[in-house]
Amino acid sequence: MNALHLKCQTLFDGTGLETRQQQTLVVENGLLSYVGPTALAPQPQPGDTLLEAGDNFVMPGLVDVHTHLAFGNAQSEEDIDIWTSDEFRALRGMFFAQHVLAAGVTSMVCPGDSGQLSIAVRNAIGAGLFEGPRIAASSRVITNRQSLNDWFPSRVGAPEYFTARLVTSRSEALAEIRKQAKDGVDLIKIAMDGTHRRPNGEIIAAFTAEETYEMVEEAHRLGCKVATHAYGREAVMYAARAGVDLVFHAFYMDDACIEALLEAGTILAPTMTFPQNTVDFCQPHDPAISTGYAGYCARTLEVGSAVLKRAKAAGVPFACGSDSGFAVTPYGEWHARELELLVTRLGFTPAEALYAATAVGARCMPRGETLGSLEVGKQADFLLLDGSPLHDIRILQDRSRLNAVYKAGQPVRMERSPYNPKQVSDFNSLKWTDLYTRDRVAQLGKWAQ
């Protein structure tokens, strides 16, 4: 296959926090064979392609470590679990994976899934059947009573078709981990806590420290990485001491948790985009307002920002996740907002945010050593941007400024197919969001007594 030579005036290669000027990338068979000064670059051979990046800012493709392909831009937990089949979710997931790629996300972690959805999408993309990002696949979230994903009443539980696997014993938990490993997951996700609290307000971990250690040890023994949903101090501590690879959120951890994360080398992905979008975008009629959930998100961000700043100062590695797949975080829309929030809320420099969204996030991927930076021997996944995100990190959220996405040295189709959400995601049977008493109707001016 002929080589691609890309001349870059400005290159952020992801190996550090600096840019390099007058650089050339040479791509052969999807891999980088040369990255260095243009003056020293090998000369193009007959049949090779020579491109000028011009004023475009060239950087590695983004890595989103928190995107749920199974959720379908869900409006509720019922929308996630009840209304669609695994087969439909897989087809829909493949469709939306292409929206993710077109947004500049060349690699993504799918933490928590429906059956073998992300495994199938990963394999179909890997086989060249469809275009899409590189995927770290998982299966159903391992959950317990008091876990986030044990959404429904005990009389319902978590049926086989739900996106959670309810385990009520250590033997069940280990058996599920072994099943998922057999099915080919890259990642096991454990829901370490939910909304269950002690009288003093502390969030209670859904698994004990010993149970967590056993699950993580078995997953690692079988070659799988482990990610955990963990808001509270107890859950973060148990996860870190067990040596998990990736912790989401950690808004209510303490300084002892930070020390444990550092000792374990655990990556932290706070995923502030979801609560921030909830605060910023919800309208008065959204249930998130009337139930107080948006207010809870605002308080969580305020409390969490303080401790997350301390974690950053201590040297905990941060990655970027958007929690895409909900109605407030649709696919292909907000994957780069987490970089902005790292800067505005936690005091990251734009270069540090880029590094988190590329080099650090790549560590969560299968064969992550071949991703996340533009170096010889690594995958040629890169973006061309009209403008520098080092000057304005929000450029990454401007679709008109993303001029090109390359995966394995090949340009990605940037057009996104439109869709009708009422045929794709919005299957809830909810008919009303208000109680229409005579007083309420009169208040709305729709009825006179």
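The values are calculated or read from the model by the stated rules, or taken from the named source; none is laboratory data. This is a predicted model, so every value here is computed, not measured. When we count neighbours, we look across all protein chains shown, and the Cβ atoms used for this are built from the backbone with ideal geometry, even at glycine.
Some notes on this structure:
- Inspection of region 163-172 finds no residue satisfying the criterion of being part of a loop (DSSP other than H, G, I, E, B), within 22 Å of V360 (Cβ to Cβ) and in contact with a strand residue (DSSP E or B) (Cβ under 8 Å, 6 or more places away or on another chain).
- Any hit, region 106-113, residues being farther than 23 Å from P411 by Cβ, surrounded by fewer than 21 Cβ atoms within 10 Å (Cβ to Cβ) and either at pLDDT below 90 or not charged (D, E, K, R) (or both): no
- Selection of helices (runs of 4 or more DSSP H) fully inside region 45-161 by the criterion of at least 1 residues being out of contact with any Lys or Arg (no Cβ under 8 Å at 6 or more places or on another chain) and aromatic (F, W, Y) returns 86-102.
- H391 being surrounded by 24 or more Cβ atoms within 10 Å (Cβ to Cβ) and of a type outside the set (F, W, Y): no
- For region 291-320, the set of residues classified as small (G, A, S), touching a residue at least 40 places away in the same chain (Cβ under 8 Å) and assigned to a helix (DSSP H, G or I) consists of G304, S305, A311, A314, listed by residue number.
- Matching residues in region 1-44 - criterion: being surrounded by 21 or more Cβ atoms within 10 Å (Cβ to Cβ) and part of a loop (DSSP other than H, G, I, E, B): F12, D13, G14
- Residues of region 422-449 that are part of a loop (DSSP other than H, G, I, E, B), at pLDDT 85 or above and either closer than 12 Å to D79 by Cβ or polar (S, T, N, Q) (or both): S425 alone.
- Within region 193-206, residues that are surrounded by fewer than 23 Cβ atoms within 10 Å (Cβ to Cβ) and of a type in the set (A, V, I, L, M) reach partners that are modelled with pLDDT of 95 or more and not in a strand (DSSP E or B) with beta carbons closer than 9 Å, at six or more positions or on different chains, in the pairs I203/R233; I203/E234; I203/A235; I204/E234; I204/A235.
- Residue that is in a strand (DSSP E or B), among the aliphatic types (A, V, I, L, M) and in contact with a strand residue (DSSP E or B) (Cβ under 6 Å, 6 or more places away or on another chain), where the choices are A239, A235, A227: A227
- Among the residues of region 192-214, those identified as of a type in the set (A, V, I, L, M, F, W, C) and either within 22 Å of R122 (Cβ to Cβ) or touching a Lys or Arg at 6+ places or on another chain (Cβ under 8 Å) (or both) are I203, I204, A206, A209.
- Test: A353 is touching a strand residue (DSSP E or B) at 6+ places or on another chain (Cβ under 6 Å) and crowded, with 24+ Cβ neighbours inside 10 Å: no
- In the set V376, V412, V424, only one residue is over 15 Å from F12 (Cβ atoms) and touching a Ser or Thr at 6+ places or on another chain (Cβ under 7 Å); that residue is V376.
- Residue tally, condition within 20 Å of the chain's Cα centre (by Cα), assigned to a helix (DSSP H, G or I) and surrounded by 15 or more Cβ atoms within 10 Å (Cβ to Cβ), over region 249-290: 8
- Selection within region 83-100 - without any contact (Cβ under 8 Å) to a residue 60 or more places away in the chain and more than 17 Å from the chain's Cα centre (by Cα): E87, F88, R89, A90, L91
- Applying a threshold of 6 Å to beta carbon distances and a minimum spacing of six or more residues, or different chains, the list of pairs starting in region 46-71 at a residue that is in contact (Cβ under 8 Å) with a residue 12 or more places away in the chain and more than 22 Å from L385 (Cα to Cα) and ending at one that is of a type in the set (S, T, Y) and outside any loop (DSSP other than H, G, I, E, B) reads T67/S324; L69/S118.
- Screening G372 against (1) at pLDDT 95 or above; (2) in a loop (DSSP other than H, G, I, E, B); (3) small (G, A, S); (4) surrounded by fewer than 20 Cβ atoms within 10 Å (Cβ to Cβ) leaves a single unmet condition, (4).
- If the condition is being farther than 14 Å from D81 by Cα and crowded, with 22+ Cβ neighbours inside 10 Å, then region 160-172 contributes only V167.
- Residue list for region 332-350, restricted to those being polar (S, T, N, Q) and either out of contact with any helix residue (DSSP H, G or I) (no Cβ under 8 Å at 6 or more places or on another chain) or buried (at least 24 other Cβ atoms within 10 Å of the Cβ) (or both): T344
- Matching residues in region 337-353 - criterion: being over 12 Å from D64 (Cα atoms) and part of a helix (DSSP H, G or I): E340, L341, L342, V343, T344, R345, L346, P350, A351, E352, A353
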